[in-house]
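Everything on this sheet refers to the single structure shown next.
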Amino acid sequence: MGMKEKRKSKRRHLFEYFKIFNRNTGDLIGELVDITTDGIMLISESALDLEIEYPMKVELPEVMKHPHVNFDAKCVWSRKDEYSGAYENGFQLLNISPKDLEIIKSRLL
């Protein structure tokens, strides 16, 4: 069974990539390319550790009227893109406030 059949929530591939930072250190983790209410996919320059929980902050453009959304997410898969050399990383959302989840639903999905 492929990934598509397992997915239960609406998925959106983003045309504009949003930067994702470590909320605690301010370090850039990667760029958000794909999102559902359950998880995200981001691209990064280096491989990310699996099964690690990352405190994330997604910077949103001014037109969205919200500066950012915060959540914790666990890296569940990571693979190198053979064409770009970047890493694609899949994350499961773990801790997100109802307010930030609503921003994702209304502005990103």
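Observations
- The stretch between Ile52 and Leu94 holds 14.0 nm of extra length on full extension. This uses 0.36 nm per residue minus the Cα-Cα distance.
- By the rule of a C-alpha distance below 12 Å, with chain neighbours fewer than 8 residues away ignored, the aspartates and glutamates paired with Lys105 are Asp38.
- Residues whose placed amide H lies under 5 Å from that of Leu60, excluding near-sequence neighbours: His68, Val69
- Here segment 14-62 was treated as a single set of alpha-carbon atoms; its pair distances binned every 10 Å from 0 give 25, 61, 14, 0 percent.
- Each Cα pair under 8 Å and six or more residues apart adds its sequence gap; the mean of these over the residue count of segment 24-63 is a relative contact order of 28 percent.
- Rounded if a/c under 1.5, otherwise prolate or oblate - segment 27-109, Cα gyration tensor axes: prolate
Rule-based calculations on the coordinates, nothing more; no lab input. Nothing here was measured: the structure is a model prediction, and the numbers come from that model.
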